[in-house]
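Trainee: Just dropping this structure here.
None of the figures in this text is laboratory data; all of them are computed from the coordinates on show. Computed from a prediction, not measured in an experiment: that's the story for all the values here. Cβ sites come from the backbone with ideal geometry, for glycine too, and all protein chains shown count toward neighbours.
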Ligand SMILES: [Zn+2]
């Protein structure tokens, strides 16, 4: 699987993210691909309304609980987080494989080497697909309108 295919496929999901975070996601895709692990981006920016709908799932709405975060309580809501899924390549097609295995852990390690925080390290709620980059900002600060830096950060972070 060529990295360019994966990158092209990821662009739409990455479009709402902070440029620094989007660039880290691209690096993660490239590095994982170079090790023979194709990943896709399943979630990027999630609006507060979308987050509230997700939070309702398994609580006031049917389904399985998938998040512990209400709207405004996830870095996804501020364009600072994204989720991935490791894929198998079956006859040239990408098939998401949600079974957390050695490859998922390797993707987590690569993400961390890029400075990302990995949800697979969380103690209470293991969120293996999840990566975030907070700029040292808390969710309370972000809810209060504090913004991460913008200036050419994406370029500077590039390697
Ligand atoms: Zn996530």
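Trainee: Please compute the modelled spin-label separation between residue 8 and residue 144, points set 7 Å along Cα→Cβ, answer in nm with one decimal.
Mentor: 4.6
Trainee: Antiparallel versus total DSSP beta bridges in the range 3-157: what percent is that, nearest 5? Don't skip to the answer; put the middle values down first.
Mentor: Working: 13 of 14 bridges.
Of the beta bridges lying entirely in the range 3-157, close to 95 percent run antiparallel.
Trainee: OK, next. Taking every Cα atom in the chain, find the radius of gyration and the maximum pairwise distance Dmax, and write them in Å.
Mentor: Over the chain's Cα set, Rg and Dmax evaluate to 15.5, 48 Å.
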